[in-house]
């Protein structure tokens, strides 16, 4: 119905796109995505996409604005080349933290990005672990929302750790932490904190028994790592044994890597939704690939099969 499947990638995470292509057993599409001398983005699709089912892999991670513009221009190029359907595969959806007016005179940037994607010509969006689930409602086109929980849980199950507790670094992450705890058969703990500003948070209390327990702190993303590191320090002070962290999107901006290096976290488990900085990351990081998860979803979307069964 939707023609031959075609997979393309921008410059945000080409390695993930290559892994997805290998999973699907198809070649990665040939496209020129570069810049003109003055810095404007230049895109040229070097193969026929007329009547094809096109998927564009492009997380809108830092540099966020460049990657978002690349994605929008690639979508426009595909639309004008008569692609039958265009699906934006956005493993990490940027601007997701600005999802509501929590202060006077601030934008709802997540809604703006949703509008931009739709107007550019996107027919469908495939994303993973949105920072705020309500962003799904900002789109007037179909959106498939995947979760990295199974990939991460399978990894920790292989460790066969005893006395395991899953911790949320804040009250807002309870739902995600509960999902991990249920699948791991572990108890739940919450680090209650008060945010001072967008860069600093003060730990207040720990809800749950963590003394002499192995801890897995879970979150959807880590930027400066202040919340994650402060939570690990508070858990260690409360008598926790080994402390692990599991995060879907490793933005790791500013002093994040140095903070993680000096924290009590023994292993920081992340996915490859965002490429890690090419500078040598500390040995503490463990990268799990979500290429099979995204590849299977792409295959099912193309075949008009159920994607929701991937959540089980």
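Structure above, values below:
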{"item": "Acute angle (nearest 10 degrees) that the helix 226-237 long axis makes with the longest principal axis of the chain, alpha-carbon atoms", "result": "30 degrees"}
{"item": "Considering only region 1-143, percent of DSSP beta bridges that pair antiparallel, nearest 5", "result": "25 percent"}
{"item": "Spin-label zone in region 128-170 - amide nitrogen under 12 Å from a point set 7 Å from the Cα of residue 207 along the C-beta vector", "result": "168-170"}
{"item": "Per principal axis, descending, Cα span of region 214-312 in whole Å", "result": "51, 31, 19"}
{"item": "Residue 66 paired with residue 80, simple spin-label distance in nm, labels 7 Å along Cα-to-beta-carbon", "result": "2.3 nm"}
{"item": "Extension gain, residue 44 back to residue 32 (0.36 nm per residue minus Cα-Cα distance, nm)", "result": "3.8 nm"}
{"item": "In Å, descending, principal axis extents of the Cα set of the chain", "result": "61, 43, 37"}
{"item": "Degrees, to the nearest 10: 174-184 long Cα axis against longest axis of the chain", "result": "80 degrees"}
{"item": "Full-stretch length increase - residue 305, residue 160 - with 0.36 nm per residue and alpha-carbon distance subtracted", "result": "48.8 nm"}
{"item": "Highest-MSF residue in the chain out of 64, 122, 87 [GNM, Cα springs under 10 Å]", "result": "64"}
{"item": "Choice from 233, 134, 58 with maximal GNM fluctuation in the chain (Cα, 10 Å cutoff)", "result": "134"}
{"item": "Rounded tilt (10° steps) of 64-80 against the dominant C-alpha axis of the chain", "result": "30 degrees"}
{"item": "Computed over region 93-222, the ratio Rg/Rh where both radii use C-alpha atoms and Rh is Kirkwood", "result": "1.04"}
{"item": "Bridge type composition, the chain - antiparallel percent by DSSP, nearest 5", "result": "20 percent"}
{"item": "Distance from region 2-37 to region 135-188 (C-alpha centre basis), Å", "result": "29 Å"}
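Every number here is computed from the coordinates shown, using simple stated rules; none is lab data. Predicted model only: the values in this text are computed from it and were never measured. So basically every Cβ, Gly included, is an ideal-geometry build from the backbone, and we count neighbours across all protein chains shown.
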